[in-house]
Amino acid sequence: MHPFPCCVSLFIVSTLHDKVASHVPLGLERKEAEIYRHLDPAQLPKHIAIIMDGNGRWAKRRHLPRVAGHRAGVAAVRSTVETAARIHIPALTLYAFSEENWKKRPESEVSFLMRLLSRYLKAEVPTLNENNIRLDYIGRPHELPKDVQERMGWAREATARNTGMVLTLALNYSARSELVDAFRSMVEAASQNGGIHHLKIDEDAVSRHLYTRHLPDPDLVVRTSGEMRLSNFLLWQLAYAEIYVTSTLWPDFRGVHLLEGILEFQKRERRYGGLNGDGPGQNS
Ligand code: FPP
């Protein structure tokens with residue numbers, strides 16, 4: 001026989017349901033909330049890195065100029081950033097502009113991207129503040145146009161006191177250049193601290209001199225548009241990251257797709273080269 005009368009069972013079930021539902025963070029859309037309910041909130045990635053790709057193809061399919069894809073990509077950035085902040089992801093890094101983009105794309109497209117970035121920063125600061133998001137950058141910003149550098153500095157300063165998610169934009173970024181800069185910085189630090197014979201190189205030392213020294217390594221990297229490449233993005237930091245590739249083109253990507261990626265991430269068994277999910281560096 002059932003231990004409780006029917007009305008008591010119903011009460012228990014509905015209370016439990018309310019309890020689970022109340023764990024869904026505020027502000028998620030219905031579809032996002034549906035996926036979130038399948039996630040383990042204690043096992044969310046601490047740092048998600050995203051290679052935003054497919055803007056050109058999105059535009060081409062619509063017989064639009066490539067830059068229309070970049071413009072549409074801003075809505076995807078907005079949705080992804082807000083959803084990540086709402087579910088309390090500590091760090092999100094977006095690959096917005098590589099060093100190669102700068103050198104290999106037509107001048108008109110590059111200057112469009114610069115204007116788009118400047119406008120995004122100006123328009124988005126209030127929303128970043130509402131969501132307690134702190135903005136930062138990685139890359140070689142000193143090679144970007146002066147007015148863009150100024151706008152970047154202004155937006156970083158305007159969000160500097162926020163204590164929630166750190167949103168890092170990779171701008172004029174190349175992982176190989178980052179490593180070159182890290183090695184140069186190590187040599188420079190040694191020469192100012194007793195001379196080159198004081199130079200000590202190990203993994204911790206390299207990590208401490210990367211642009212990302214204040215961030216944990218990403219545990220999940222997402223790439224849109226179906227391409228299976230890292231494209232010179234965070235090569236050191238992604239050593240143990242889970243890779244999630246979706247065929248969705250970046251301008252169509254939304255918070256719900258991010259949650260799908262996190263769901264897939266939580267199904268993976270992370271072993272770091274060991275046998276039973278030990279931390280990075282163990283038995284690798
Ligand atoms: C790759 O698509 C995307 C970029 C080079 C630029 C990313 C820029 C945005 C998403 C817009 C704005 C971003 C911010 C942070 C304001 P692609 O042009 O290589 O696409 P394709 O491979 O289909 O040609």
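Could you name the lysines in cross-link range of K104, using Cα to Cα under 30 Å and dropping any fewer than eight places away on the same chain?
Reachable lysines: K60, K122, K146.
Dipole of the chain, Cα-centred, from +1 at each Lys and Arg C-beta and -1 at each Asp and Glu C-beta, to the nearest 20 debye?
780 debye
Quick one: angle between helix 6-22 and the longest Cα principal axis of the chain, in degrees between 0 and 90, rounded to 10, please.
Here the helix axis deviates by roughly 10 degrees.
Work out the charge dipole of region 46-266 with +1 on the Cβ of Lys and Arg and -1 on the Cβ of Asp and Glu about the Cα centre, then indicate which of L263, L64, T127 is farthest towards its positive end.
Value computed over the given set: L64.
Could you give the dipole magnitude of region 32-120 about its Cα centre, charging the beta-carbon of Lys and Arg +1 and that of Asp and Glu -1, in debye to the nearest 20?
For this selection, approximately 420 debye.
Give, as ranges by residue number, the residues of region 253-268 whose backbone N falls under 18 Å from the point 7 Å along Cα→Cβ of A33.
Within reach of a label on A33, which here means backbone N under 18 Å from a point 7 Å along Cα→Cβ, region 253-268 contributes 255-257, 259-260.
Any chance you could run the full-extension gain for W236 through H214? It's 0.36 nm times the residue separation minus the Cα-Cα distance, nm to one decimal.
6.5 nm
Would you mind getting me the FRET efficiency between R115 and H23? Use the beta-carbon distance for r and R0 = 45 Å, nearest 0.05.
For R0 = 45 Å, the calculated efficiency reads 0.60.
Could you list which residues have their amide H under 5 Å from that of D53, counting only those 5 or more apart in sequence or on another chain, with H placed in the peptide plane?
Amide H neighbours of D53: T224, W250.
Sort all Cα-Cα distances of the chain into consecutive 10 angstrom bins from zero, then give the percent of pairs in each bin up to the one containing the longest distance.
6, 24, 32, 21, 10, 4, 2, 1, 0
If contacts are Cα pairs under 8 angstrom and at least 6 residues apart, what is the relative contact order of the chain in percent?
25 percent
First measure r as the distance between the Cβ atoms of K122 and E143, then evaluate 1/(1 + (r/R0)^6) with R0 = 22 Å and state the FRET efficiency to the nearest 0.05.
It comes out at approximately 0.55.
Enter the Cα centre distance for the pair region 238-272 and region 57-131, rounded to the nearest angstrom.
The distance from the Cα centre of region 238-272 to that of region 57-131 comes to 19 Å.
Using a 7 Å offset from Cα along Cα-Cβ at R105, what residues in region 59-85 end up with backbone N under 12 Å from the label point?
66-74
Looking at the chain as a GNM with Cα springs under 10 Å, which of I133, I201, I35 has the largest mean-square fluctuation?
I201
State whether region 150-284 is rounded, prolate or oblate according to the following rule on the C-alpha gyration tensor (a ≥ b ≥ c being the square roots of its eigenvalues): a/c under 1.5 gives rounded; otherwise a/b larger than b/c gives prolate, and the remaining case gives oblate.
Oblate, because a/c is 1.5 or more while a/b does not exceed b/c.
Read-outs throughout are calculated quantities, based only on the coordinates presented, and are distinct from any laboratory measurement. What you are looking at is a predicted structure, and each value in this text was computed from that prediction instead of being measured. Ideal geometry is used to build each Cβ from the backbone, glycine not excepted, and the neighbour counts take in all protein chains shown.
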